[in-house]
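Input: a single structure, listed below in C-alpha cells.
What follows draws every value from the coordinates through simple rules; no lab data is involved. Just so we're clear, the structure is a prediction, and the values are computed from it rather than from any experiment. In this analysis, Cβ positions are derived from the backbone assuming ideal geometry, glycine residues included, and neighbour counts consider all displayed protein chains.
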Amino acid sequence: MRFPHDTHTHTVYSDGIGTVSDNIAAAEEKGLRVLAITDHSHYLEPKTLNRYVREVRQWAEDSEVVVLAGVEGNITENGVDVPAFMAKKLDFVIASVHEYLETPGQYLELVKIALMDEEVDVIGHFGANFPYTGFPGAEEIGEILELAEANGKAFEISSRYSVPELDFVRECIRRGIKLTLASDAHTPGDVGSVKWSESVFLKAGGKKEDLLFEEFL
Ligand SMILES: [Zn+2]
Ligand SMILES: [Zn+2]
C-alpha cells in the first residue's frame, strides 16, 4: 500500500468484536502507519467515553502505529449525536447516516446537517444509502461538495460500502476536499482492509496531500 492507513474501525466498545489492543495489533501486523478507533457514539456514555479514550491513548503509547481516538456519530433530523464535550476528548469525529430513508433528497438533507456541524470532521460512507433511495442528480451532489469545501469537511472512501464513486472522489481532489481510507472493520481481521479505497483514491489521481492525515503518512 502506498498510504497505509485506516480511519474507521470498531471495537467491543460498540458493535465490533475485537478489543482496542486487538485492532492495534492487527494494524501493526498489516504495516499500517495510522489507525483510528472510531466506535459508535451512542454506545459511549460519559463514563465509558473516558475509559475508551484512556484505553486508546494507553495502547497507542506502546505502538509504532499512530493511533487516533475517534468516534462515529449518527446524523439525524435533530443533528449529529456528538456533543462538544465528547468531540473535545477525541482526535476527530466521523458522522454517518444510519437510518432508512426513502429518497436521495432526504439523505442529502441529513448530510448537510453534518457538513454544517462544527464538531464533525469526516462524512462516513457517503452514498451508502443510494442503492435504496435512488441516486441524486449532479446538481444536488454539487451542493454537497460546495458545502464540504466551504466548511473544510473531509470524506472517507469506504471499502466496506464501496463509496463514494470515482467521479465524486475526483471532484473532492479537484476542490481540495480531504479524503481518508476506511475499512469500517468490525473484526480485527478486517482492520486495514482498504484496498478498494486506495485503488479509487489512486485512480482519481489522489496524492499524499489530498489525505486528511497526511502528516502521519
Ligand atoms: Zn456507519
Ligand atoms: Zn462504522
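Using the number of other C-beta atoms within 10 angstrom as an exposure proxy, rank T133, T7 with the fewest first.
Numbers: T133 18, T7 31.
The order, fewest Cβ neighbours first, is T133, T7.
Counting only residues 5 or more places away or on other chains, whose amide H sits under 5 Å from the amide H of E156 once H atoms are built in the peptide plane?
I123, H125, F126, T180
What's the local net charge at V111, with K and R +1, D and E -1, over the other residues with C-beta under 11 Å away?
On the way: positive: K112, K153; negative: E109, D117, E140, E143.
Result for the neighbourhood of V111: -2.
Using the Cα gyration tensor of region 114-215, with a ≥ b ≥ c the square roots of its eigenvalues, what is the shape: rounded (a/c below 1.5), prolate (a/b larger than b/c) or oblate (neither)?
rounded
Given a 10 angstrom Cα cut-off, can you work out which residue in D62, D117, D22 is the most mobile in a GNM of the chain?
D62
So for the pair K203, E61, with labels modelled 7 Å out along Cα→Cβ, what separation do we get in nm?
4.4
Run the helix sum for the chain: -39,500 (n - 2.57) per DSSP H stretch of 4+ residues, divided by residue count, reported at 222 nm to the nearest 500 deg cm²/dmol.
Result for the chain, helices only: -11000 deg cm²/dmol.
Given a 10 angstrom Cα cut-off, can you work out which residue in I141, I177, I17 is the most mobile in a GNM of the chain?
I141
Please report the relative contact order for the chain, taking Cα pairs under 8 Å with a sequence separation of at least 6, and give it as a percent rounded to a whole number.
The value is 23 percent.
Output the antiparallel fraction of DSSP beta bridges having both residues in the chain, as a percent to the nearest 5.
10
Using θ = phi - 60° and the Karplus relation 6.51 cos²θ - 1.76 cosθ + 1.60, list the HN-Hα couplings for region 70-79 in order, rounded to whole Hz, with x at every Gly or Pro.
So the J values, rounded to whole Hz, are x, 8, 10, x, 9, 8, 10, 4, 8, x.
Please arrange M86, M116 by counting, for each residue, the other beta carbons lying within 10 Å of its beta carbon, fewest first.
M116, M86
Among rounded, prolate and oblate, which fits the chain when a ≥ b ≥ c are the square roots of the eigenvalues of its C-alpha gyration tensor, a/c under 1.5 means rounded, and a/b larger than b/c means prolate?
Oblate.
Relative contact order of region 125-178: what whole-number percent is it, with Cα pairs under 8 angstrom and at least 6 residues apart?
The normalised contact order for region 125-178 reaches 49 percent.
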